[in-house]
Amino acid sequence: MKQIYSKTESHKNRRGIAILWLILWGSVFLTFFCGVLEIATLWQAQVEVKNALDAGAMAAVKEWGVSGSGSSTQVSRNVGIAYVEANPILGTPVTLTSNYIAATPGNPNGNLLCTGNFVFGALDQITAPITFDRNAQGGCIAGFPAVVAQATVPVQGFCSSLFGVTFFNISSQSTAYYNCGTGRASLVSATVPVCP
């Protein structure tokens with residue numbers, strides 16, 4: 001009888017240890033699973049932000065180039081905004097500002113801020129190294145008309161509410177130029193001058 005009693009007591013101890021291990025490994029697995037989902041969600045959001053800004057920059061510079069690069073940039077900015085808003089980030093539309101102010105001799109492209117969502121200017125050339133100048137008149141005679149679309153978008157993570165983090169900020173930038181000879185807009189990697 002004593003031998004049966006000791007086996008039963010040993011069995012109860014093992015059951016308690018198994019539950020403890022299940023709790024420990026379950027929480028480790030859940031944390032790992034949420035971490036992988038967060039990384040995947042942020043990666044998808046980064047790709048979607050980049051694609052939306054690419055579309056907005058190309059549409060804005062194409063509209064600007066076709067309408068005559070010396071004309072006002074206000075309509076072209078609105079076209080760019082419409083293209084970005086048509087590409088939601090994780091199902092949520094992005095709201096951008098036009099960054100427009102009436103053009104002046106010192107600001108021929110109507111950029112309100114050099115850090116705004118849409119910055120109009122020109123490229124010095126289309127082969128590396130390429131420099132974007134926001135103060136250069138964007139006509140075909142002066143260079144290659146170009147638009148920089150940039151934004152920082154707050155993104156809700158998949159498991160972020162479990163860990164007390166509500167939003168992550170995803171930043172991206174796209175530069176597109178209009179080739180006056182071919183009438184086509186293209187993306188390019190350009191160095192954007194730092195704001196004064």
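Take the residues in the stretch 130-152 that are outside any loop (DSSP other than H, G, I, E, B) and surrounded by fewer than 17 Cβ atoms within 10 Å (Cβ to Cβ), then tell me which one is modelled with the highest pLDDT.
As a first pass, look at the stretch 130-152 and keep what is outside any loop (DSSP other than H, G, I, E, B): 131-133, 144-152.
Checking the rest, the ones that are also surrounded by fewer than 17 Cβ atoms within 10 Å (Cβ to Cβ) come to 131, 152.
Working: THR131: 86, THR152: 94.
Across the stretch 130-152, the extreme among qualifying residues is THR152.
Only one of the numbered conditions (1) part of a loop (DSSP other than H, G, I, E, B); (2) touching a Pro at 6+ places or on another chain (Cβ under 6 Å) is violated by GLY65, and that is (1). I'd like to check something: does the stretch 186-194 contain any residue that is surrounded by 13 or more Cβ atoms within 10 Å (Cβ to Cβ), touching a strand residue (DSSP E or B) at 6+ places or on another chain (Cβ under 7 Å), among the aliphatic types (A, V, I, L, M) and modelled with pLDDT of 90 or more? Yes, there is a match, as at least one residue in the stretch 186-194 is surrounded by 13 or more Cβ atoms within 10 Å (Cβ to Cβ), touching a strand residue (DSSP E or B) at 6+ places or on another chain (Cβ under 7 Å), among the aliphatic types (A, V, I, L, M) and modelled with pLDDT of 90 or more.
Condition first: in contact with a helix residue (DSSP H, G or I) (Cβ under 9 Å, 6 or more places away or on another chain) and either outside any strand (DSSP E or B) or without any contact (Cβ under 8 Å) to a residue 24 or more places away in the chain (or both). Now tell me which residues in the stretch 110-129 satisfy that.
Restricting attention to the stretch 110-129, the residues satisfying the condition of being in contact with a helix residue (DSSP H, G or I) (Cβ under 9 Å, 6 or more places away or on another chain) are 110, 117-118, 120.
Across the stretch 110-129, the qualifying residues are GLY110, ASN117.
Can you find a residue that is more than 18 Å from VAL155 (Cβ to Cβ) and exposed (fewer than 13 other Cβ atoms within 10 Å of the Cβ) anywhere in the stretch 63-75? Looking through the stretch 63-75, at least one residue is more than 18 Å from VAL155 (Cβ to Cβ) and exposed (fewer than 13 other Cβ atoms within 10 Å of the Cβ). Residues in the stretch 15-55 that are of a type in the set (D, E, K, R) and free of Cβ contacts under 8 Å to residues at least 60 places away in the same chain: ARG15, GLU48. Screening ASN99 on (1) surrounded by fewer than 19 Cβ atoms within 10 Å (Cβ to Cβ); (2) closer than 15 Å to SER72 by Cα shows it passes everything except condition (1).
Of the residues examined, ASN117 is one that is of a type in the set (S, T, N, Q), surrounded by 13 or more Cβ atoms within 10 Å (Cβ to Cβ) and under 16 Å from ALA146 (Cβ atoms). Checked against (1) modelled with pLDDT of 90 or more; (2) farther than 25 Å from PRO193 by Cα, VAL79 passes all but a single condition, namely (2).
One residue is enough: does the stretch 39-54 have a residue meeting the conditions among the aliphatic types (A, V, I, L, M), in a loop (DSSP other than H, G, I, E, B) and modelled with pLDDT of 85 or more?
Just the residues of the stretch 39-54 that are among the aliphatic types (A, V, I, L, M), to begin with: 39-40, 42, 45, 47, 49, 52-53.
Applying the additional criterion that residues be in a loop (DSSP other than H, G, I, E, B) yields none.
No, every residue in the stretch 39-54 fails to be among the aliphatic types (A, V, I, L, M), in a loop (DSSP other than H, G, I, E, B) and modelled with pLDDT of 85 or more.
The values are calculated or read from the model by the stated rules, or taken from the named source; none is laboratory data. Just so it is clear, the structure is predicted and the values come from calculations on it, not from any experiment. Counting neighbours? That spans all protein chains shown, and the Cβs are built from the backbone with ideal geometry, glycine included.
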